[in-house]
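The next block holds one structure in the form of structure tokens; read it before the comments.
The values are calculated or read from the model by the stated rules, or taken from the named source; none is laboratory data. From a predicted model like this one, the values you see are computed outputs, not experimental measurements. Ideal geometry is used to build each Cβ from the backbone, glycine not excepted, and the neighbour counts take in all protein chains shown. With ligands, DNA and RNA removed, areas are computed over all heavy atoms of the protein, side chains included. Shrake-Rupley method; radii C 1.70, N 1.55, O 1.52, S 1.80 Å.
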Amino acid sequence: REFRFHIKPTLGLAGAPVLGALFGVGWTPCLGPTLTAVNALAFNEASAGRGALLTAAYCVGLGLPFVVVAVAYRRALGAFGWVKRHYLWVMRAGGGMLVVLGVLLLTGVWDTMMGSMQTWAQGFNVGI
């Protein structure tokens, strides 16, 4: 099912929290599982510093693209225009990546790759 809020806040800067709340409600199915995984990792590490680091990385990863687009708005409009003009190819490329990911998952190669990356990442223990 799809639920949409057709509310346009006209309060300017004061409407930003309303827009943020609507954004959060709309993206909950996408963000919830990822945030849950980050919190589970943070709780299982038994270290407040490690949990804070994981949560900060999650927040930066989520928010940084929006900040970059806001700072480079005019330039971003050109990029969005390119995507709009090449929409069919963008969709095909995304679909192709999903097919490749599905094949990697089905064959077990994805698990092997993730195991290698986890081993590699353990070498970057920052002592938190």
Inter-residue pairs, beta-carbon under 9 Å, first more than 22 Å from residue 97 (Cβ to Cβ) and in segment 107-124, second modelled with pLDDT of 85 or more, 6+ apart
none
When you scan segment 66-83, do you find a residue that is modelled with pLDDT of 80 or more, in contact with a Leu (Cβ under 8 Å, 6 or more places away or on another chain) and assigned to a helix (DSSP H, G or I), even just one?
no
Over segment 63-78, the set of residues under 19 Å from residue 32 (Cβ atoms) and open to solvent by less than 60 Å² (accessible area, probe 1.4 Å) is 63
Return the residue satisfying two criteria in turn: it lies in segment 111-128 and is open to solvent by less than 80 Å² (accessible area, probe 1.4 Å) and part of a loop (DSSP other than H, G, I, E, B), and of such residues it is nearest to residue 53 (Cα to Cα).
127
Among (1) open to solvent by less than 90 Å² (accessible area, probe 1.4 Å); (2) at pLDDT 85 or above; (3) under 26 Å from residue 110 (Cβ atoms) - the single one residue 92 does not satisfy
(1)
Selection from segment 101-110 of residues that are assigned to a helix (DSSP H, G or I) and of a type outside the set (A, V, I, L, M, F, W, C)
102, 107
Screening 74, 92, 50 for residues that are among the charged types (D, E, K, R) and in contact with a helix residue (DSSP H, G or I) (Cβ under 7 Å, 6 or more places away or on another chain) leaves only 50
Complete set of residues in segment 25-53 that are touching a Leu at 6+ places or on another chain (Cβ under 7 Å) and open to solvent by 50 Å² or more (accessible area, probe 1.4 Å)
41
Given (1) of a type in the set (A, V, I, L, M); (2) assigned to a helix (DSSP H, G or I); (3) at pLDDT below 85; (4) open to solvent by 60 Å² or more (accessible area, probe 1.4 Å), number of the condition residue 22 does not satisfy:
(4)
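For every residue, the table says whether it meets (1) more than 23 Å from residue 27 (Cβ to Cβ); (2) open to solvent by less than 70 Å² (accessible area, probe 1.4 Å); (3) aliphatic (A, V, I, L, M).
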position	(1), (2), (3)
56	no, yes, yes
80	no, no, no
97	no, no, yes
109	yes, yes, yes
